[in-house]
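Enquirer: The structure follows.
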Amino acid sequence: MATATDLKGLADRAVKEISSAADEAALEAVRVRYLSRKDGLITAATKEIATLPAAEKPGYGKAVNEAKQRVESALEERGRALREGAIAKSLSETADLTLPPRRVRVGHMHPIARTIREITRILGSMGFESVEGPEVEYDYYSFEALNIPRDHPARDKFNSFWIANPLGDPTDRRVGLRPHTSPMQIRVMEKRKPPVRVVVPGRCYRFEATDATHESIFFQYEGLAIDEQISMADLKGVLYSFARQLFGGERKVRFRPDYFPFTEPSAEIAFDCFVCDGSGTTNKGRCATCGGSGWIEAAGCGMVHPEALRRVDYDPSKYQGFAFGGGVERLAMLLTGTPDIRLFHENDMRYLESV
Ligand code: PHE
């Protein structure tokens, strides 16, 4: 059993710990150690009073009370000091209210990405599923299977980046950066049975000089529909509807005969120039955007060549279809009023944030 002297020592120890408690949490830990109802050291001494002979109770009880009171008042005093210190400290912290606030920069989609989403959304509403294909492509898919053999003059149009293989390549296994999205016509048809309706957005590459409407890295979108009973009228209908949804019915759409080895017949589709309104001239002279023609060629199209259908084991007497492919940047230029294609890839945030 503890004696009155022990109790004084206990209280001394507690008071010392209280005065060195650095914050309110440390202070609370001291309180618990000495005064916790369950197993506080002083609480235990209090409980012992009941077990003492009557004669000893008053003296011991008085010592316990004294110890308890000393500890309680020390706790209170130190607690107050700590709280006051915390308040004083927080008042001395200054915030400079004259500093300009941090600018919140809200991101937004790149105009090219936005245009691709718009293209796939519109064609998606007409039942075209959006798929993607490889940018590094075999000669076979970029050309051979599309009816453009090695010596065909149509290859001149697609100045391609080839990847040299020191081991040599069999003709159609040559690998290069795809110069158009048309290889995906073959890849999709190889994998699926008709009916087929897909739209293929993606990056393409051509080794050519850049100007206001050409870049060596650019995006195309390709459409392909194969079924029984598909005619050129369906192609026209889809493209007219596409142009109206994209441009709100304001633009003129022009169809002219064209030539592609993988479509027959073929056509070229153009929209009237948004800068000169189709006149070919502006107040500065010849319109730089359309080169003075008044038209911006937007896509090539046509009925899928029977030879391409046979390549993928589709029966041309049963199935027909159409394909079209065009530049995403051309459409983005029309939609944003951008007069030079290079503005899209220069990554000048001042321009990109303005369109
Ligand atoms: N791939 C052709 C090009 O890049 C465009 C095209 C696509 C033409 C589909 C016809 C059909 O010039």
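The values are calculated or read from the model by the stated rules, or taken from the named source; none is laboratory data. Just so it is clear, the structure is predicted and the values come from calculations on it, not from any experiment. Neighbour counts are summed over all protein chains in view; Cβ atoms, including those assigned to glycine, are modelled from backbone coordinates with ideal geometry. Heads up: the accessible areas ignore ligands, DNA and RNA and are worked out on the full protein's heavy atoms, side chains in. Shrake-Rupley method; radii C 1.70, N 1.55, O 1.52, S 1.80 Å.
Enquirer: From GLU222, GLU228, GLU190, grab the single residue that is touching a helix residue (DSSP H, G or I) at 6+ places or on another chain (Cβ under 9 Å) and open to solvent by 10 Å² or more (accessible area, probe 1.4 Å).
Expert: Only one candidate qualifies: GLU190.
Enquirer: Let me ask something else. Go through segment 283-301 residue by residue and tally those that are touching a residue at least 60 places away in the same chain (Cβ under 8 Å) and either within 15 Å of the ligand (Cβ to nearest atom) or among the acidic types (Asp, Glu) (or both).
Expert: Count: 3.
Enquirer: Follow-up. Within segment 145-176, can you find the residues that are among the charged types (D, E, K, R) and surrounded by fewer than 19 Cβ atoms within 10 Å (Cβ to Cβ)?
Expert: Across segment 145-176, the qualifying residues are ARG150, ASP151, ARG155, ASP156, LYS157, ASP169, ASP172, ARG173.
Enquirer: Going through segment 258-287 one residue at a time, which ones are surrounded by 15 or more Cβ atoms within 10 Å (Cβ to Cβ), outside any strand (DSSP E or B) and among the small types (Gly, Ala, Ser)?
Expert: GLY278, GLY280 - these are the residues of segment 258-287 that are surrounded by 15 or more Cβ atoms within 10 Å (Cβ to Cβ), outside any strand (DSSP E or B) and among the small types (Gly, Ala, Ser).
Enquirer: Please find, among GLU215, GLU208, GLU228, GLU222, the residue that is more than 16 Å from the ligand (Cβ to nearest atom) and of a type in the set (D, E, K, R).
Expert: When all the criteria are applied, what remains is GLU228.
Enquirer: Got a sec? Which of VAL64, VAL71, VAL106, VAL131 is among the β-branched types (Val, Ile, Thr) and open to solvent by 50 Å² or more (accessible area, probe 1.4 Å)?
Expert: So the residue among VAL64, VAL71, VAL106, VAL131 that is among the β-branched types (Val, Ile, Thr) and open to solvent by 50 Å² or more (accessible area, probe 1.4 Å) is VAL106.
Enquirer: Checking ALA323 against (1) open to solvent by 40 Å² or more (accessible area, probe 1.4 Å); (2) within 16 Å of the ligand (Cβ to nearest atom); (3) modelled with pLDDT of 95 or more, which test does it fail?
Expert: (1)
Enquirer: From the residues in segment 327-355 that are outside any helix (DSSP H, G or I) and touching a residue at least 40 places away in the same chain (Cβ under 8 Å), which one is surrounded by the most Cβ atoms within 10 Å (Cβ to Cβ)?
Expert: Among them, the one singled out is GLY327.
Enquirer: Restricting to segment 288-325, what's the tally of residues that are among the charged types (D, E, K, R) and assigned to a loop (DSSP other than H, G, I, E, B)?
Expert: Residues flagged as among the charged types (D, E, K, R) and assigned to a loop (DSSP other than H, G, I, E, B) within segment 288-325 amount to 3.
Enquirer: Now a separate question. Hey, which of the helices (runs of 4 or more DSSP H) in segment 84-202, taking only ones fully inside, have at least 1 residues that are of a type in the set (A, V, I, L, M, F, W, C) and in the same structural domain as TYR221 (by TED's automatic domain parsing)?
Expert: Result: 111-125, 183-191.
Enquirer: Please work out which one of (1) closer than 24 Å to PRO339 by Cα; (2) open to solvent by less than 30 Å² (accessible area, probe 1.4 Å); (3) within 14 Å of the ligand (Cβ to nearest atom) is the condition LEU246 fails and give its number.
Expert: Checking LEU246 against (1) closer than 24 Å to PRO339 by Cα; (2) open to solvent by less than 30 Å² (accessible area, probe 1.4 Å); (3) within 14 Å of the ligand (Cβ to nearest atom), the one that fails is (3).
Enquirer: Given the conditions (1) more than 30 Å from ARG197 (Cα to Cα); (2) within 16 Å of the ligand (Cβ to nearest atom), which single one is not true for MET349?
Expert: It is condition (2) that MET349 fails.
Enquirer: Here is a further query. Would you pick out the residues in segment 18-56 that are assigned to a helix (DSSP H, G or I), closer than 26 Å to GLY85 by Cβ and open to solvent by less than 80 Å² (accessible area, probe 1.4 Å)?
Expert: Once the filter is applied, which keeps residues that are assigned to a helix (DSSP H, G or I), closer than 26 Å to GLY85 by Cβ and open to solvent by less than 80 Å² (accessible area, probe 1.4 Å), segment 18-56 yields ILE18, SER19, ALA25, ALA26, LEU27, ALA29, VAL30, VAL32, TYR34, LEU35.
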